[in-house]
Every structure is written in C-alpha cells, then in structure tokens.
Amino acid sequence: MSAWPHEARRCGLAALVLPCAAALVAWAAMATGDDPDGTLLGRALLTTALPAATALACASVVARETMTELHLTLPTRYPHTVARRLCAPTVLAVLAATALVGLLTATGRDIRPATTLTELAGLTALLTGCAVWGTARRGSAGAGTALVIAVCLAKLLLLDRVAPQGAPQGVPALAAGAVLTALALRTLADGDRSGALTPHDKEN
C-alpha cells in the first residue's frame, strides 16, 4: 500500500492538477450565460476539456521517468509501476467528472448526467490510450499530445455530426482506449521497442 502514495508523488504536481483545472474551466464555461443548454464553446469544453487534460497528464507521467533502465532491472515490472502512477490522474479525473456533472445538474443546466458521464468516460479512456501509446512508442510526450489534439478535432468536427452522444460514442471509445493503453504498457515492458527506453539509440 505504501507504493501508491509514492507513485502518486512521482507523477508530479502538474499531472495531478490538470484534471481538476480542466473540470473547473468546463464548469465555468457551462455555468455562465442564461442559456441552460450552454454556449457552443461551453458544450465543447464540457465534453473534451477534462478528457484531454487527463490524457496530457498521463502522457507527462510516462515521459517523466528518467531512470527507466534502472526500473527494468527491478523485481517489479516497469509497466506495473507506470500503471500505478496512471491511477492517480485517472482517479482524480473520475472525481472531477462526477463533481462537474453534479454541479451542473444542481444549478439547472440542461445536461443528461448519464449520457454526459458515459461520453466523458469513453473519451477520457480513448485520449489517455492515445497519449500513453504515442508517448511510449516515440519516447516523447509530444507524440501523445499530437494524437490527443487530432482525436479531439475529429470528435468535434466529424464524429459529433454523425453519431449520437452517450453510449454510441462512449462505449467504443472506452474499448479502444483500453486496447491502446494495454499496447502502451506492453511497449514499455520491452525497452527495445519503446522510444522512451532507448536513449542510446536516440544518441545514435
């Protein structure tokens, strides 16, 4: 049990603050104005701000480690260590999403809590999977960030126009995110295939 607080501290303050800050921004965007449906910007931030911030936080967790070669020699497998660290921003994201939806519902905003939570869960899983996988493969959070931006734009500009919100978007996104996260952790287990774990190759 003592490993969990230690790994949470290893995530860094920014990774722990990002999900909460994004939820606050989304709440402010939706809570302002007289329209209970929220503005166009408010609805976009409601569905993407928290998932994107959580994904970027998780990417920073993967890229933050500077002694990966040492971790590969320890009895605890490195992917297990990373998975423990990813739990911290993930749990914060769950709490922030619940608080965000609860506050908006309590203040009379016209949102469907179950639909919104399902969509938030699915997009968070998908963006996190993209961020972690891209970071693990390329050894840089920049690759993961680029994937997060691309998927967010695809959702806002394309997917929202053709697919209904809620389960039709959330469930497939949740499954895809789980697969990408598993592939990322598998990549981290193999230093020969992980861009983050081959500093010698980078020098050459």
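The values are calculated or read from the model by the stated rules, or taken from the named source; none is laboratory data. Just so you know, these numbers come straight off a predicted model, no measurement behind them. Cβ placement follows ideal geometry from the backbone for every residue including glycine, while neighbour counts extend to all protein chains displayed. Keep in mind that these areas ignore ligands, DNA and RNA; they rest on the heavy atoms of the full protein, side chains included. Shrake-Rupley method; radii C 1.70, N 1.55, O 1.52, S 1.80 Å.
General observations
- Within the range 144-182, being open to solvent by 50 Å² or more (accessible area, probe 1.4 Å), closer than 20 Å to R64 by Cβ and in contact with a helix residue (DSSP H, G or I) (Cβ under 6 Å, 6 or more places away or on another chain) holds for one residue alone: L147.
- Top-ranked residue of the range 18-48 - restricted to ones that are within 14 Å of L92 (Cα to Cα) and in contact with a helix residue (DSSP H, G or I) (Cβ under 8 Å, 6 or more places away or on another chain), ranked as surrounded by the fewest Cβ atoms within 10 Å (Cβ to Cβ): A21
- Residues that are within 15 Å of A182 (Cα to Cα) and open to solvent by less than 60 Å² (accessible area, probe 1.4 Å), drawn from the range 125-143: A125, L126, L127, T128, G129, C130, A131, V132, G134, T135, A136
- The range 143-166 residues that are within 20 Å of A59 (Cα to Cα), paired with ones that are surrounded by 12 or more Cβ atoms within 10 Å (Cβ to Cβ) and of a type in the set (D, E, K, R) (beta carbon under 8 Å, 6 or more apart): A143/R137; G144/R138
- Residue in the range 71-83 that is at pLDDT 80 or above, open to solvent by 20 Å² or more (accessible area, probe 1.4 Å) and in a helix (DSSP H, G or I) present: yes
- Per-region count, the range 49-69, residues acidic (D, E) and either at pLDDT 95 or above or open to solvent by 50 Å² or more (accessible area, probe 1.4 Å) (or both): 1
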